Amino acid sequence: MKRRDFLKGAAAFGSITLLPSSVWALAKNGKLRTAHIGVGGMGNADLGSIASHPQVEVTALCDVDSVRLAAAKKLHPNAKTFSDYRVLFDKMRDAIDAVIVSTPDHTHAPASMLAMQMGKPVYCQKPLTHHVSEARAMRKYAEDNKLITQMGIQCHSSDMYLKAALLIKAGIIGKVNTVRAWSPKNWGYDGPAPTGSDPVPSTLDWNLWLGTSPERPYKDKIYHPGNWRKLLDYGCGTLGDMGVHIFDTPYTALELDVPRTIKTKCRKPTGFGHPEHNVVEYEFPGTKYTTESLKWVWYDGPGAPKRHRDLKLPNKEKLPEQGAMFIGEKGNLLLPHWDYPKLIVNGKYEPIDFPDIPKADHYHQFVDACLGKDECSAPFTYAARLTESILLGVIANRFPNQMLHWDIASAKFVEAEANQLLDFKYRKF
């Protein structure tokens with residue numbers, strides 16, 4: 001079932017009339033009525049953060065795991081509960097104002113697109129999509145229909161990251177030629193695919209968990225909960241998880257688009273799991289904040305990053321566990337993950353006169369945008385381009401040591417075999 005066919009199938013929900021964003025300010029009883037798809041793990045955190053806004057009324061909850069759904073129901077006893085987001089949309093379309101999608105990556109686009117086709121604002125967790133074609137489709141639909149959207153990349157709104165971006169734009173280290181980013185997390189799996197099957201727990205709807213992905217037998221502790229990030233059919237590895245966060249600030253600060261070339265060093269593909277160790281090298285076209293072109297190197301897996309002269313710190317200090325280093329004409333800027341940047345000039349730390357920036361709540365920003373009182377800082381217009389760049393690196397992991405060339409206009413690789421991974425057939429479920 002091709003993606004375009006899945007989207008056409010949404011017509012089963014009836015004709016759609018898109019409403020201007022100001023209508024959300026007129027939600028019944030002055031509240032924004034929210035529907036939450038995926039309420040365990042990160043979904044539980046999203047639910048709590050969205051619900052903490054005083055003008056939110058949690059109206060619907062959806063999860064394929066009845067234990068997690070029951071836990072969320074205890075927190076919001078007046079909310080209707082569902083295991084299938086399609087049924088939720090069918091029964092609640094006139095009772096909800098906005099949708100929050102916090103599922104595994106492979107369900108981000110299917111659920112978000114159906115919500116947008118009902119004219120609903122959507123908050124979708126990162127990475128925005130599982131495939132490049134989905135990212136482009138979601139961006140186009142959101143833009144064409146002027147929908148309020150936000151990707152769940154909370155650090156994007158933090159003052160520490162916003163300050164780092166402003167410093168780079170102000171030329172604190174001159175034009176940037178290289179960014180090196182890293183995370184030692186291991187959302188990879190180098191072992192073989194499991195054999196056999198285990199009984200599906202009575203609390204889990206396995207068919208709905210698989211959703212549009214290929215059908216396969218259930219195996220305990222392999223897919224749900226948690227381990228799906230490691231596997232090709234459901235997640236995007238460490239690069240798709242932490243890479244989105246750590247790439248975000250350099251991507252914003254340097255005003256990048258998508259890369260021209262991508263090359264990865266990793267183990268040979270197994271067809272089941274993402275590699276446990278990756279070094280991904282991108283080349284981006286230059287911008288006014290970079291040299292003629294920009295080199296971007298990503299390291300992940302235990303022990304990351306590898307030693308490099310660009311990553312030496314004053315006083316022989318250790319690198320932060322996760323973060324990025326901007327290499328510029330006049331010095332370097334170290335940006336630890338969830339911390340303030342540090343300026344390094346001639347091998348020494350230099351004081352920074354930080355700009356004054358008010359703190360923002362990424363979740364509340366989305367709610368306020370729906371209520372006509374704010375604008376989203378990570379709409380799908382931006383999120384889709386960042387996600388596309390990340391996903392191109394994920395694809396390159398399937399072609400280790402081979403340079404891939406990306407054409408932004410046609411949205412295709414020069415290397416035909418890599419184009420097969422830009423899209424896939426949706427399963428009917």
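The values are calculated or read from the model by the stated rules, or taken from the named source; none is laboratory data. Since this is a predicted model, take the numbers as computed values, not measurements. FYI the Cβ positions are ideal-geometry reconstructions off the backbone, even for glycines, and counts take in every protein chain you see. For the accessible areas, the whole protein counts, side chains as well, though only heavy atoms, and no ligand, DNA or RNA atoms are used. Shrake-Rupley method; radii C 1.70, N 1.55, O 1.52, S 1.80 Å.
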### Summary
Residue set 264, 238, 249; condition in contact with a Cys (Cβ under 9 Å, 6 or more places away or on another chain), within 16 Å of residue 389 (Cβ to Cβ) and among the hydroxyl-bearing types (Ser, Thr, Tyr); output residue 249
#### Entry: Enumeration of residues in region 207-257 that are touching a residue at least 24 places away in the same chain (Cβ under 8 Å), open to solvent by 40 Å² or more (accessible area, probe 1.4 Å) and at positive phi
255
### Message
Being without any contact (Cβ under 8 Å) to a residue 24 or more places away in the chain and either at negative phi or touching a His at 6+ places or on another chain (Cβ under 6 Å) (or both) is the filter here; which residues of region 171-201 pass it?
### Response
195, 197, 198, 199, 200, 201
### Task
Answer with yes or no whether residue 156 is under 24 Å from residue 210 (Cα atoms) and touching an Asp or Glu at 6+ places or on another chain (Cβ under 7 Å).
no
### Test for residue 292: is it more than 24 Å from residue 417 (Cα to Cα), open to solvent by 50 Å² or more (accessible area, probe 1.4 Å) and either modelled with pLDDT under 95 or within 19 Å of the chain's Cα centre (by Cα) (or both)
no
#### Entry: Members of region 74-127 that are within 21 Å of residue 207 (Cα to Cα), free of Cβ contacts under 8 Å to residues at least 40 places away in the same chain and outside any helix (DSSP H, G or I)
81, 82
### Task
State the number of residues belonging to region 86-102 that are open to solvent by 20 Å² or more (accessible area, probe 1.4 Å) and either under 23 Å from the mean Cα position of the chain (by Cα) or of a type in the set (S, T, N, Q) (or both).
1
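Yes or no, residue by residue, for (1) open to solvent by 40 Å² or more (accessible area, probe 1.4 Å); (2) modelled with pLDDT of 95 or more:
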| site | (1), (2) |
| --- | --- |
| 376 | no, yes |
| 386 | no, yes |
| 402 | yes, yes |
| 409 | yes, no |
| 414 | yes, yes |
| 418 | no, yes |
| 421 | yes, yes |
### Message
I'd like the full set of residues that are among the acidic types (Asp, Glu) and either outside any strand (DSSP E or B) or more than 24 Å from residue 181 (Cβ to Cβ) (or both), limited to region 324-379.
### Response
329, 339, 353, 356, 361, 368, 374, 375
### Query
Picking from 140, 169, 163, 120, which residue would you name as being closer than 17 Å to residue 388 by Cβ and open to solvent by 10 Å² or more (accessible area, probe 1.4 Å)?
140
